[in-house]
Amino acid sequence: MTRLCVFASGSGSNFEAIAEGCRSGAIADSEVVLCVCDKAGAYVLERAARYGVETLVFNPKEYGSKRDFEKMIADKMDSLGVDLVCLAGYMRIIGDELLERYGGKIVNIHPALLPAFPGAHGIQDAFNYGVKVYGVTIHYVDATLDGGKIISQVAVPYEGDDIEELEAMIHAAEHKLYVETINKLRNR
Ligand code: GRF
């Protein structure tokens, strides 16, 4: 079994896609063993409860430094034997402690065709730019914002002017791509 850990700060629709992928077998021989969340009350925690996934909720302000809270997270992941870390709407840059201990095993999903439109508002930024082919990227994580070698991408063509419709299309593409990509990565 490949043991996955998902980091999220918000709604957790990607968390759910991954958990459901493990449950259904679309991601073969894998399970989500931990959901790490830096926001008490985030909706992802309800989704985790529904899937019976253990959660690690923490308040970064209660720690002296990023290294301190990342040490706590990495210790927990060590104890659970985590093989792959999937960032899914975790709104923080990964720091040295996690990169030193889990480097090469951390991947992130971004709702744009990187290296275009990095940052927290990738969809809105691309929309404002007048993009006609949007997309989703999954990449290895390094110390930079949405940097790191690209693993997979999918294009989402859209020429309309309804950003909510666009967002729904991009999120659906994310969920599919994350499931497919994790399924490939676990065989590497
Ligand atoms: C996704 O669009 C992801 O690409 C971005 O944050 C969003 C998280 O959505 N990094 P959700 O919490 O998985 O619904």
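The values are calculated or read from the model by the stated rules, or taken from the named source; none is laboratory data. These numbers were taken from a predicted model, which means no experiment stands behind them. SASA here: full protein model, heavy atoms, side chains in, ligands and nucleic acids out. Shrake-Rupley method; radii C 1.70, N 1.55, O 1.52, S 1.80 Å.
Could you tell me how many degrees, from 0 to 90 and to the nearest 10, lie between the Cα long axis of helix 163-185 and the main elongation axis, the longest principal axis, of the Cα atoms of the chain? Computed tilt is about 50 degrees. Per residue, the chain exposes 48 Å² of solvent-accessible protein surface, assessed with a 1.4 angstrom probe and all protein chains in place.
Computed in the context of the full set of protein chains, the accessible area of the chain at 1.4 Å probe radius has 51% of its extent on carbon or sulfur.
Placing Glu167, Glu159, Glu100 in order of accessible area, with the largest value first and a 1.4 Å probe, yields Glu159, Glu100, Glu167. Only DSSP H runs of four or more residues enter the estimate; each adds -39500 (n - 2.57), and after division by the residues of the chain the mean residue ellipticity at 222 nm equals -12000 deg cm²/dmol. Pairs spanning more than 20 Å between alpha-carbon atoms, out of Lys71/Lys105; Lys149/Lys184; Lys61/Lys105; Lys71/Lys184; Lys66/Lys149: Lys61/Lys105; Lys71/Lys184; Lys66/Lys149. With the whole protein complex present, Asp96 retains an accessible surface near 90 Å², based on a 1.4 Å probe. Taking the C-alpha atoms only, the angle from helix 66-80 to the longest principal axis of the chain is near 70 degrees. Surface calculation, 1.4 Å probe, protein heavy atoms: Met91 sits at approximately 120 Å² accessible. Of the residues Ser13, Ser30, ranked by 1.4 Å probe accessible area with the largest first, the sequence reads Ser13, Ser30. For Val32, the residues 5 or more places off, or on other chains, whose built amide H falls under 5 Å of its own are Leu4.
Residues in region 12-29 carry Karplus couplings, in order, of x, 5, 6, 3, 5, 4, 6, 4, 5, x, 5, 5, 7, x, 4, 9, 6, 6 Hz; the curve used is 6.51 cos²θ - 1.76 cosθ + 1.60 with θ = phi - 60°, and Gly or Pro positions show x. For Lys66, the accessible area of its heavy atoms, probed at 1.4 Å with every protein chain present, is near 70 square angstrom. Taking amide H positions as modeled 1.01 Å from N, with prolines and chain starts lacking one, the residues under 5 Å from Gly135 and 5 or more places away or on another chain are Leu113, Val156. When the residues Lys61, Lys132 are ordered by accessible surface, computed with a 1.4 Å probe over the protein chains alone, the sequence from largest down reads Lys61, Lys132. Eigen-decomposition of the gyration tensor built on the alpha-carbon atoms of region 73-119 gives equivalent ellipsoid semi-axes of 23, 11, 9 angstrom, largest listed first. Considering only beta bridges that DSSP places wholly inside the chain, some 40 percent are antiparallel.
Is region 38-119 best put as rounded, prolate or oblate by its Cα gyration tensor, with a ≥ b ≥ c the root eigenvalues, rounded for a/c under 1.5, and otherwise prolate when a/b is larger than b/c, oblate when not? Since a/c stays below 1.5, the shape of region 38-119 is classed as rounded. Residues whose amide H lies under 5 Å from that of Phe7, counting only those 5 or more places away or on a different chain, are Val36, Cys86, Leu87, Ala88; hydrogens are built 1.01 Å from N in the peptide plane.
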